Amino acid sequence: MAPKRVDRQARRDEILSAAVLLFAERGYAATRIEDVAAAAGIAKGSVYLYYESREALLTAVFERWAERSRAVVEAALSGERPAMQRLEELLRSVIALLAGEPGLTRVMLDLWAAGRRSEGGAPPPFDMAAVYREYRTVVAALLREAAEEGAVRAGAGEPEAAVVVGAIEGCLVQWVVDPEFPFAEIADQMVEVCTRGVLRGAAGGAA
């Protein structure tokens, strides 16, 4: 009988999914390659056929998230829909992305927190500051475009974008530390609160 052919991409995905689950449950520092292999149902040596180290696994975890994040951002920036509609779609898509990947979200936040707590230690394995900057830049661009369309008050931009990103992040952290927090279920409320304050004629803004 011929040996069973292995779909390399499928096996890579299986290993990566096992790694995300373990990193989220045990923490990155406490997870060994043999743990990932056992969770994926393969031999330890087989993991090294796809990922050369635990650090490479972690990098792949972040790249998976970054790829999905880029797709969300590109969708928001494309098309002829009004800017405010695209902003709302962006926020809903980001919330859905985060809610749909609870393990990956926990890994990212845990590693960010660990890096911030480590005085003089190695930097986090990925640049969360760059992630925040990208989202603030995109939100600010959509707000400026919406202002040109007359949908939001004049001058809306970077400061408002920081508040929008911070509001989503704050709800996300509540969900990570308290899994019973209804993060995905309050998407409508998050979007409304994040956009209502910049609408043309909103209290404190120009009419």
- Note on the structure: Simple spin-label estimate for Asp13/Ser46, 7 Å along Cα→Cβ, in nm, reads 1.7 nm
- When you count, for each residue, the other Cβ atoms within 10 Å and take the mean per peptide, how do 129-135, 77-83, 106-112 rank with the highest first? 106-112, 129-135, 77-83
- Message: Could you work out [θ]222 nm for the chain from helices alone, using -39500 (n - 2.57) per DSSP H run of at least four and dividing by all its residues? Round to the nearest 500 deg cm²/dmol.
- Response: -22500 deg cm²/dmol
- Note on the structure: Listed by chain and number, the residues whose amide H is under 5 Å from that of Val152, excluding neighbours fewer than 5 places away on the same chain and using placed H, are Ala147, Arg200
- Once you have a ≥ b ≥ c as the square roots of the Cα gyration tensor eigenvalues for the stretch 8-51, tell me rounded if a/c is under 1.5, and otherwise prolate or oblate according to whether a/b is larger than b/c. prolate
- How many times 2.2 N^0.38 Å is the alpha carbon radius of gyration of the chain? 1.21
- What is the pair-distance distribution P(r) of the stretch 125-178, computed from all Cα-Cα distances in 5 Å bins starting at 0, with each bin given as a whole percent? 5, 20, 21, 20, 16, 9, 5, 3, 0
- Query: Counting only complete DSSP H runs, which helices of the chain cover 20 Å or more along their long axis at the Cα atoms and score a mean Kyte-Doolittle of 0.5 or above?
  - Reply: 83-100, 158-177
- Note on the structure: Exposure-ranked with fewest Cβ neighbours within 10 Å first, Leu57, Leu143 stand as Leu57, Leu143
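No value in this document is a laboratory result; all are computed from the given coordinates. Since we're looking at a predicted model, the values are computed, not measured. Cβ coordinates were reconstructed from backbone atoms using ideal geometry, including for glycine residues, and neighbour counts include every protein chain displayed.
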